[in-house]
Amino acid sequence: MASARQISVGGVPIGGGAPVAVQTMTKTETADLAATMKQIRVAADAGADIVRVAVPREKDVDALRTIVRESPVPVIADIHFNHTLALKALDAGAHCVRINPGNIGGHEKVAQVVERAKEAGIPLRIGVNSGSLPAHLRELEFTNPVEALVSAAVEMVELMERLAFDNFKVSMKSTSVPNTIASNRMLSERIPYPLHIGITEAGTKWSGSLKSAVGLGTLLADGIGDTIRISLSTFHAEEEVKVAWEILKALKLRERGPVLIACPTCGRLQFDMDTVVAEIERRLEAYEDPIEVSVLGCAVNGIGEARHADFGITGAKDMGMIYSRGEPLKKVPTERLVDELFEEIDKYYAAGKKVVRDETAAAAAREWLAENEDATAMTPERMAALEAEAADREPARLDEEASPVAGRRFTRA
Ligand code: SF4
């Protein structure tokens, strides 16, 4: 369940029902101010609510003061092993400091960091990692890694509570997707504090995005997780941010920018849809409004499932059509489809979010659609619609009589 408590990281609320905050971590050497600030700005433009910077050296903590002042979004300092750096990061004005109490040098040093955070009114993120559990839990890690991870996190939370500190969020990181899901589910039942969730070292942009979508998507769909970070092996922090947003948009947890829907294509496709979809996706990045844009590879279905899209295109060999909310707008040569689509989108915004329709052009497009539509073709979309209809009509038929394994499932010889 969503965390009961809320903290504020530089004005961004985390937990307590606040929108799930997107964060990323810069990949630059933090002390390289120009490079770090450039990456923070690109990540913030892509939609990062918060950024985290690594602070492993004195020169990084020196740079932190300027970064905090100039960053367009709150900054979290990431500290391992060195409590002095954590104290200095708090003094430098970091909006949050991430520590792993298990590697910061003992309870006394943790207490010093907590005391300074209390004085400054700055939250901490306390994190445990499957790779660095306390010695007394290492045995358990082999037999029950989920319980080991949760026990380590609960012990840290108890330590915070003994220190009378409650301005923190918790993270438990594992490279295993099932363990991340199971441990966060368990921890969310045991503690009221906000949870930062992520799959650590998830992998490349391709595999890491998928692993994160499965792991974090499962948790977020259950209402677990108050801030997310996608860890990808890329030097471009904004890529992590884009993936985080796609996950949140897919679950309808947050809205940001346009939603692009595209058919999967099949043997009916008659134009280079790959290139067209990529170009549309690229150009849509310039828009902030959550309009829905649909791309259909052919017109045999008519506008079909894209009826609700704000704008869309469907193409054939030489000609295509632009439509809006189920109604044709105009037909255009295939090579002009993308440019004309964006002209229509821009006209819509210029008219104060009103679709501008030229009736003569719309009539010609309707005619083109009628010629190219084939109501009898058994397309993937129509098969899916028929299956859905059948399932709706006869839900009870998933019983003994209807099932291909009817009578075998519970039959004893
Ligand atoms: S039939 Fe469906 S999947 Fe195939 S190209 Fe046309 S719209 Fe795309």
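Data overview
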| item | result |
| --- | --- |
| Tail fraction, Cα-Cα pairs, the stretch 1-90, threshold 18 Å, whole percent | 45 percent |
| Exposure ranking of 308, 95, 196, 83 by accessible area [1.4 Å probe, largest first] | 308, 95, 83, 196 |
| Positive-end residue, the chain charge dipole about Cα centroid, Cβ charges, pick of 333, 212, 384 | 212 |
| Size-normalised alpha-carbon gyration radius of the stretch 83-201, reference 2.2 N^0.38 Å | 1.03 |
| Relative contact order, percent, the chain [alpha-carbon distance under 8 Å, six or more residues apart] | 12 percent |
| Pairwise label distance in nanometres, residue 159 with residue 360, each label 7 Å out on the Cα-Cβ vector | 7.7 nm |
| Net charge dipole size for the stretch 251-304 [Lys, Arg +1 and Asp, Glu -1 on Cβ; Debye, nearest 20] | 180 debye |
| Alpha-carbon gyration tensor eigenvalues x 5, square-rooted, for the chain, Å | 48, 30, 16 |
| Accessible-area value, residue 122, 1.4 Å probe, nucleic acids and ligands omitted, Å² | 20 Å² |
| Euclidean distance between Cα centres, the stretch 228-304 to the stretch 334-359, Å | 19 Å |
| Charge dipole of the stretch 276-363 about the Cα centre (unit charges at C-beta), most positive-ward option of 277, 290, 356 | 356 |
| Cα convex hull of the stretch 213-267 - mean projected area over all directions, nm² | 5.3 nm² |
| Charge dipole magnitude, Cβ of K and R +1, D and E -1 - the stretch 192-274, Cα centre, debye nearest 20 | 160 debye |
| Cβ crowding within 10 Å averaged over residues, with 220-230, 377-387 ranked highest first | 220-230, 377-387 |
| Mean Cβ neighbour count within 10 Å, used as a protection proxy, ranking 164-172, 184-192 highest first | 164-172, 184-192 |
| At R0 = 30 Å, FRET efficiency that the Cβ-Cβ distance of residue 236 and residue 370 yields, to 0.05 | 0.05 |
| Mean accessible surface per residue for the stretch 192-262, computed with a 1.4 Å probe while every protein chain stays in place, in Å² | 41 Å² |
| Calculated on alpha-carbon atoms, Rg and Dmax of the stretch 278-376 in Å | 12.6, 40 |
| Peptide ranges 4-11, 279-286, 313-320 listed from the most packed, as the mean C-beta count within 10 angstrom indicates | 313-320, 4-11, 279-286 |
| Unit charges on C-beta of K, R, D, E only; dipole of the stretch 84-200, Debye | 320 debye |
| In Å², nearest 10: area of residue 298 left accessible to a 1.4 Å probe | 20 Å² |
| By accessible area with a 1.4 Å probe, ligands and nucleic acids excluded, highest first: order of 60, 339 | 339, 60 |
| Fully extended contour minus Cα-Cα distance, from residue 274 to residue 393, at 0.36 nm per residue | 39.2 nm |
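The values are calculated or read from the model by the stated rules, or taken from the named source; none is laboratory data. From a predicted model like this one, the values you see are computed outputs, not experimental measurements. Cβ sites come from the backbone with ideal geometry, for glycine too, and all protein chains shown count toward neighbours. Note: areas computed on protein heavy atoms with side chains; ligands, DNA, RNA excluded. Shrake-Rupley method; radii C 1.70, N 1.55, O 1.52, S 1.80 Å.
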